[in-house]
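One structure is given here, and the rest of the page talks about it.
Each reported figure results from applying straightforward, stated rules to the coordinates on display, with no laboratory input. As the structure is a computational prediction, the values presented were derived from the model and not from experiment. No Cβ is skipped: glycine too gets one built from the backbone with ideal geometry, and neighbour counts run over all protein chains shown.
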Amino acid sequence: MQPRINISLDKGWEFVRKRSSCRWCARPSTDDALTLPHCWNEQDAFQDGVAYYRGWGSYRRSFDIAEYADPTGLFCWRLVSEGFYGTGDVWLNGKRLGKVDGQYLGFDFEVSDALRFDGDNVLGIRITNRCASDVLPGIKMPDFLLYGGLSGRLWLERVPRVRIDRQWTRIVANGGEVQIDAVLVGALSDAHQFEWQIVDEDLVQVCDATEPALASALLDHESRGDVGSHFVTKLSVTNPRLWDVDSPHLYLAKGILKRDGNVVDSVCIRFGIRHAEFRPREGFFLNGKRVALRGCNRHESMPGFGRALPLWLHREDAEQIKAMGLNFVRLSHYPQHPAFLDACDELGILVYAEIASWKSVRGGRWLRRACKQMHDMVVRDRNHPSVILWGMGNEGRHRGAYQRLYGVCKALDPDRSVIYAENHFYRARRKRTLGIADVWGMNYEFDALEQGCAASRLKCVVVSECSNEPHTERGNLSAERKQLATVQKDLERLDKVPYVAGFTLWCFNDYSTLRKARYKRYSGIVDAWRIPKLSAYGLSEMFGGTLSAGSLARCEDAYSIALVPEREAAAMVCGETLGIVVAVEDSTGQRCDWSGKLRATVEGPARLRGFDSTGTVIVANGIGRLFVTLQAGMGRVLVSVSCKRFAAVTLDVLLVQPS
């Protein structure tokens, strides 16, 4: 019998935009059209004059797991959700499991006693993105949207009652020496055997299996009431291949728990062998070599999706950052999806991870939630070799809060450096937050570089934001040239300062905001749909990237519309999303320098992922992008795009395959 089983609960949801009753959460669903991840702000963001919905939403779905009945009692069940913003509660078969704060990291409930194996189960979830002031970020109108909805996946996980706690396994690898700290949950006996193996990316074992040594007993593991035991294992990898930005080699640690020779549990955790450090007044070093950190800030959103991005779009973002010649990204200003971190591990992109904070650092209940979010983020992400910095906050300051948050980081992960982003050095001095962070994070305040360096524990600076040109709408070539000139000027200045370890430009992508009724910010080096601007091509040229700009014809040559699917779609199934390039071409098929709005429609078992209800497609410099998500049923999907100037064009996308 397979020890661990994950059952996806992504499909078949019913959703209503209100706070439904407890009875509604306990009754079987009457509609099953919705698939997770889901964001209820898909079509009310990135539009001038439109205030996005903030309030309650309710989800429910039915499911049957009779085939997984366990008469032996050897297993227990957990309900696990990926990250989302908002607070609310979770119900299973009329029983309230508890309150939740999505904290961009999700939740994890023990549900064994509430599940039914002799009939349908009904799961109900009620959440709101209009939260109390102590819920991070703790500010009503930050410079980004607080998107609502279950924007991560959700699943049931069956685990052995005696098991390896994957979440609490920490791997520290330096050179060929690998130490694995793990927790075993449940009542162990002399009949249990536990070992670790390490294999490379070709699944070849690179060191002998090693039994761990018992370090301590944990009577109240993670305050869940679990009985646990802490084990430490030390292994040696001969001739290790190091994880680096140019050669991100990864290994797999395989933990195997047996009883009387039979496997009762196993886990696999990916990691990299590398040594990362910030050296006083010298910058950042990876495996003994100085690496200039060249990066950008990323917002996890896109019009038409809100925060609920398909997994492949997370990876596409990482690939585009790498293609621009960059090697560093700041996850501003909240914990982001594991799929993006996985892509950074695989591509060799260094990460500055951050809790949800924007001008909102304080004590009391806010700080208690902040410490929990920091704790959970570090525990979730500390085995990613890409992560080099833990961020405590952005443009806010509070001595007691930062001391507490710094302590949380160091208790859980003492080897990584800690930072916060400051935009007013004089305020940091007044609030006495100097000297707390390992690395000084500086937003825009170039004249305070030397002071910031001296005020940090490790005498190093990361320029956490710079080069912000918020009016760089793609297609406005004068604004794009101004942005590129600003980037070049700032980077030339920073290149002359040895203690500046690197930078993260503001920012990677255009994004939505209601801060000061701005509605949208065009600060990105790519637009909201990830189409590059001049700065993206300029960075690629500066840093040896692979992004290259094509030549454009004159706008008066515009003749027709062309639709090009971004991938082979014939085998796609229900719930998957297809990107389509929309190009305006001249009579010879060359792309033109034309800007404007087109209108898209879709027929068949699919829905358009438009950012408004009319199917508007924004085109600039002759190119735009649209998306369709496949729905249940068989049939052809026809995507049409038109406007008054051009004849309509239709793309026969695919025959939808059954899921």
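Given R₀ = 45 Å, what would the calculated FRET efficiency be for Arg481 paired with Leu203, taking r from the Cβ atoms and rounding to 0.05?
Efficiency, from the Cβ-Cβ distance: 0.35.
Taking the alpha-carbon distance from Lys496 and a cut-off under 26 Å, which lysines remain once sequence neighbours fewer than 8 residues away in the same chain are dropped?
Hits, sequence-local ones excluded: Lys289, Lys322, Lys459, Lys482.
When all C-alpha to C-alpha distances in the stretch 292-543 are sorted into bins of 5 Å, what percent of pairs does each bin hold, rounded to whole numbers?
It works out to 1, 6, 14, 18, 20, 18, 13, 7, 2, 0, in whole percents.
What ³J(HN,Hα) values, in whole Hz, does the Karplus curve 6.51 cos²θ - 1.76 cosθ + 1.60 give for the stretch 102-117 when θ = phi - 60°, with x put for Gly and Pro?
So the J values, rounded to whole Hz, are x, 6, 6, 10, x, 9, 8, 10, 6, 10, 4, 6, 9, 6, 10, 10.
Rounded to a whole number, what is D in µm²/s for the stretch 573-624 from Stokes-Einstein with the Kirkwood radius over alpha-carbon pairs (4 °C, 1.567 mPa s)?
104
For the residue pair Asn174 and Arg518, what label-to-label distance in nm results when each label sits 7 Å from Cα along the Cα-to-beta-carbon direction?
4.1
Per 5 Å bin, what percent of the C-alpha pairs of the stretch 5-160 does each bin hold, from zero upward?
Spelled out bin by bin, the stretch 5-160 gives 2, 9, 18, 22, 20, 12, 9, 5, 2, 1, 0, 0 percent.
Which far-off residues, 5 or more places away or on another chain, put their amide H under 5 Å from the one on Leu250, with H placed in the peptide plane?
Long-range HN contacts for Leu250: Glu201.
Would you mind giving the average projected area, over all directions, of the Cα convex hull of the stretch 123-171 in nm² with one decimal?
Mean projected area for the stretch 123-171: 6.4 nm², to one decimal.
Using the 2.2 N^0.38 Å rule of thumb for compact globular proteins, work out how the stretch 362-496 stacks up: its C-alpha Rg over that value, please.
Compared with the compact-globule rule of thumb, the stretch 362-496 sits at 1.18.
Roughly how far apart, in whole Å, are the Cα centres of the stretch 324-375 and the stretch 562-608?
The distance from the Cα centre of the stretch 324-375 to that of the stretch 562-608 comes to 33 Å.
Taking 0.36 nm per residue of sequence separation and subtracting the Cα-Cα distance, how much length would be gained by fully extending the chain between Ser613 and Arg457, in nm to one decimal?
That works out to 51.0 nm of additional length.
Work out the FRET efficiency for Asp64 and Trp312 from their Cβ-Cβ distance, taking R0 = 35 Å, and round it to the nearest 0.05.
For Asp64 and Trp312, the calculated efficiency is 0.70.
Short version: ³J(HN,Hα) in whole Hz for each residue of the stretch 295-310, in order, from phi by Karplus 6.51 cos²θ - 1.76 cosθ + 1.60 (θ = phi - 60°), x for Gly and Pro, what are they?
Computed from phi, the couplings for the stretch 295-310 are x, 8, 8, 10, 9, 8, 7, 7, x, x, 10, x, 8, 8, 6, x Hz.
Give the long-range amide H neighbours of Val264: residues separated by 5 or more places, or on another chain, with amide H under 5 Å away, using H modelled in the peptide plane at 1.01 Å from N.
Under 5 Å from the amide H of Val264 lie the amide H atoms of Leu257, Lys258, Arg259, each far enough along the sequence or on another chain.
Below 8 Å, C-alpha to C-alpha, sequence gap of six or more: please give me the relative contact order for the stretch 555-655 in percent.
Dividing the mean separation by the residue count of the stretch 555-655 yields 31 percent.
Starting with the highest mean, order 364-375, 254-265 by the number of other Cβ atoms within 10 Å, averaged over the residues of each peptide.
364-375, 254-265
Calculate, for Asp118 and Val573, the FRET efficiency according to 1/(1 + (r/R0)^6) with r their C-beta to C-beta distance and R0 25 Å; round to the nearest 0.05.
0.25
Given all pairs of different Cα atoms, what value in angstroms does the Kirkwood hydrodynamic radius of the stretch 245-284 take?
Taking every pair of different Cα atoms in the stretch 245-284, averaging 1/r and inverting gives 13.5 Å.
Determine ³J(HN,Hα), in whole Hz, for all residues of the stretch 611-626 in sequence, where each value follows from phi through the Karplus function 6.51 cos²θ - 1.76 cosθ + 1.60 and θ = phi - 60°; x replaces Gly and Pro.
Residue by residue, the stretch 611-626 yields 8, 9, 6, 9, x, 5, 10, 7, 10, 9, 6, x, 9, x, 8, 9 Hz.
Could you quote the convex hull projected area for the stretch 368-420, Cα atoms only and averaged over all directions, in nm²?
The number I arrive at for the stretch 368-420 is 3.5 nm².
Quick one: of Lys95/Lys372; Lys372/Lys431; Lys489/Lys520; Lys99/Lys140; Lys95/Lys258, which pairs are farther than 32 Å apart, Cα to Cα?
In this structure, Lys95/Lys258 lie more than 32 Å apart at Cα.
Taking every pair of alpha-carbon atoms in the chain, give the share separated by more than 32 Å as a whole percent.
53
Figure the gain on full extension for Val263 and Lys496 (residue separation times 0.36 nm, minus the Cα-Cα span) and round it to one decimal in nm.
Length gained between Val263 and Lys496: 78.1 nm.
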